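The values are calculated or read from the model by the stated rules, or taken from the named source; none is laboratory data. Everything numeric here is computed off the predicted structure, so don't read it as measured data. Cβ placement follows ideal geometry from the backbone for every residue including glycine, while neighbour counts extend to all protein chains displayed. Just so you know, the surface numbers come from the protein's heavy atoms only, side chains and all, with ligands and any DNA or RNA stripped out. Shrake-Rupley method; radii C 1.70, N 1.55, O 1.52, S 1.80 Å.
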Amino acid sequence: MSQSAPPPNDNPGRKGSDPQGNWRGYALMAVVILLIGSAMMVGRDAGRAREISYKEFLQLLENKSIDSSKDVFLVQHDTTSAEFIEAFVPVTALAPSPSALPSLPTTATEPQAPKLGSTRIRVPVSIQYQKEELQALMKKAGLVLVPRYENDQMGALLVNLLPVLLVLGLIFFLVRQQLKNAGRGAMTFGKSRAKMLSQDRNRVTFRDVAGVEEAKDEVQELVEFLKDPRKFQKLGGRIPKGVLMNGPPGTGKTLLARAIAGEAEVPFFSISGSDFVEMFVGVGASRVRDMFEQGKKNAPCLIFIDEIDAVGRHRGHGLGGGHDEREQTLNALLVEMDGFDSQEGIIIIAATNRPDVLDPALLRPGRFDRQVTVSLPDVKGREEILRVHAKKVKLSEDAELSRVARGTPGFSGAELANVINEAALLAARRNLKAITNAELEEARDKVRWGRERRSLALSDKEKENTAYHEAGHAILIEVLEHTSPLHKVTIIPRGPSLGSTMWLPEEDKFTHRKSELLDDLVVAMGGRVAEEIQFGDVTNGAMGDIRQATGIARSMVCSWGMSEKLGMVEYGEGDSAVFLARDLGRGRNYSGATAKIIDEEVKRLIDEAYEKARHILLTHRDKLDAIAHALLEYETLDGSHIREIMEHGHMVNPPQRGSKPPPPPPAGASGESRAPSGPEEEPGGLPSGLVGVPT
């Protein structure tokens, strides 16, 4: 059963005393007060007599229409200065006429009338000026004025004070809520910010997770245990208390946790590691305790902590002294997960990209019993991921997702989703009705190597230099035996480079042979060698090639044991990232003489690769010129075009001429653009994302 709302006491911010929820009650109270006041006013108006003028009253006296069986009252108000005479007359005496009170209705059923057919009248008078006149009139008509005093202080007070009371009540309510919120904010720093995931919208299940079948199988045990714990308990088994999911960014760790929430019929709390730490001391530990308290009230339940390395870093390796709030938070987390007061039925799921920096006490059995590695998907997994994301877009019938999957080795699930999204945006810009293979291929190249920058103005000399640079790489990829197939060569600026040579492996590769690495070194040297052969000079365009070649050679010598002089010994700490004082304080684990040998071996590998590249390019000098001229003419060549030139000396099926970039602005214009020679522009440099070159 999906949880759509938290329990009443699981979060103080959602209690019934929430100011947002009290507005209705106060508004209803104000409406009731207004209705009561209106009813009182209407009641007062309904009980009043019919008011006539003094002239009409004199006419009634002359006609002897005043009912003498009922007293005639001289009414005076204590609260106001109004004075009037009340008496009863027959209804027929006040028959409507063109000049006689057309707007005053009769009240034949007046309850105060002594008999049916009479109505009460009211005549405004002034005793101060008409006292003697009224006495003479009453004596002449044989009537007696009976004085009566009306005291309506409560009604008048209510009518006069009602608006003031409403304004004061509104001010009191606003001030009260402000004080309550201020106190709540000060006293709830230690409350957990874990949110219960609602499954009403955007529900994710295992059907939405593809490419990580092994990880799905491991976490599915949690769902089965929560649904039927007796299945495991009858054999004495104990479900893992904590599961740590680690892997590269974008592989679907958080998505997998949301899928567990979608499948399990238990409460699911989600929180980030950074939500525990605040500027106040002790807040993190208090939030950890409150989070487990919420979990205890809703047990069995799942608690997902994203980016747990924010609070679970190794203790004792901080820079500087003083109190470390993260360590106190970690201590509270360790105690709650497996302390004296352990909580049964609470399963912790955590995700991180840096399992190497986590504290060892956090990873021991009893806390995070199981570690699930969510790795990059293989070709089958990539195709499944593409099909999941392709359900949200419109693909053409001839679109081949399997072809895209084979051409995206090393892509994570997030990158594959980005490929589909970029292809959809590209098809929309082209006003297409569906996404075709062309949009998928271009989107793949854009995500991997960057977008084409056709607006960048290059001089003819720089274009020629870039063409020979890329031609050198392309020839070596085709000639050497242990390289991946050539995919595309272009001199159109893309991403950080002015030109690119792209190759893709035929299948996923998880290991690299020494022969393959040596050929990769030769390919990296091809651009610089081609420039030297053609122009007798070199540029800084090979900076990226040199960086990658140096990294490959140093890894071969120091990490992979591929040097005969140094043997099967690791020198250094590998490629792991530096973690604060733990790694900054460590010196190198080899002597200065060994360091000299390492440098000599790295230089020897690169020098041998340079000489081999020079020999091959001099042997195929005519092919170098042909490929460079074809690049200058067509700007982009596929691998098949390069193979045709290598076999026949020319292209049998030349490509269509690409759209030329717009002409550069005139010299001196404010928008003038030129190819920079700094490190951000690497003409011909091998893109850092090329598959087949380990970094």
Does the stretch 380-389 contain at least one residue that is part of a loop (DSSP other than H, G, I, E, B) and either crowded, with 19+ Cβ neighbours inside 10 Å or modelled with pLDDT of 90 or more (or both)? no
Within the stretch 245-271, track down each residue that is open to solvent by 20 Å² or more (accessible area, probe 1.4 Å) and of a type in the set (A, V, I, L, M). 255
Within the group 220, 178, which residue is at pLDDT below 75 and either open to solvent by 60 Å² or more (accessible area, probe 1.4 Å) or within 15 Å of residue 268 (Cβ to Cβ) (or both)? 178
Out of (1) under 14 Å from residue 309 (Cα atoms); (2) open to solvent by less than 10 Å² (accessible area, probe 1.4 Å); (3) of a type in the set (Val, Ile, Thr), the odd one out for residue 277 is which? (2)
Take the stretch 408-426 and flag every residue that is crowded, with 22+ Cβ neighbours inside 10 Å and part of a loop (DSSP other than H, G, I, E, B). 408, 411, 412
Quick one: in the stretch 121-133, which of the residues that are under 17 Å from residue 55 (Cβ atoms) and of a type outside the set (Lys, Arg) is surrounded by the fewest Cβ atoms within 10 Å (Cβ to Cβ)? 129
Does residue 562 satisfy being without any contact (Cβ under 8 Å) to a residue 60 or more places away in the chain and open to solvent by less than 10 Å² (accessible area, probe 1.4 Å)? no
Residue match in the stretch 55-77 (condition: open to solvent by less than 80 Å² (accessible area, probe 1.4 Å) and at pLDDT below 70): yes
Do you know which residues across the stretch 248-258 are closer than 8 Å to residue 204 by Cβ and either touching a Lys or Arg at 6+ places or on another chain (Cβ under 8 Å) or of a type in the set (Lys, Arg) (or both)? 258
Selection from the stretch 304-335 of residues outside any helix (DSSP H, G or I), at pLDDT 75 or above and either of a type in the set (Lys, Arg) or surrounded by fewer than 24 Cβ atoms within 10 Å (Cβ to Cβ) (or both) yields 306, 307, 313, 314, 315
Looking at (1) modelled with pLDDT of 70 or more; (2) outside any loop (DSSP other than H, G, I, E, B); (3) open to solvent by less than 50 Å² (accessible area, probe 1.4 Å); (4) closer than 17 Å to residue 60 by Cα, which is the one condition that is false for residue 136? (3)
Among 92, 80, which is the only one that is part of a loop (DSSP other than H, G, I, E, B) and modelled with pLDDT under 75? 80
Tell me the residue from 495, 472 that is at positive phi, crowded, with 17+ Cβ neighbours inside 10 Å and not hydroxyl-bearing (Ser, Thr, Tyr), please. 495
Can you tell which of 581, 577 is hydrophobic (A, V, I, L, M, F, W, C), open to solvent by 20 Å² or more (accessible area, probe 1.4 Å), part of a loop (DSSP other than H, G, I, E, B) and at pLDDT below 85? 577
Within the stretch 377-405, the count of residues that are touching a residue at least 40 places away in the same chain (Cβ under 8 Å), closer than 19 Å to residue 442 by Cβ and basic (Lys, Arg) comes to 2
Looking at the stretch 427-459, which of the residues that are in a helix (DSSP H, G or I) and hydrophobic (A, V, I, L, M, F, W, C) is farthest from residue 408 (Cα to Cα)? 428
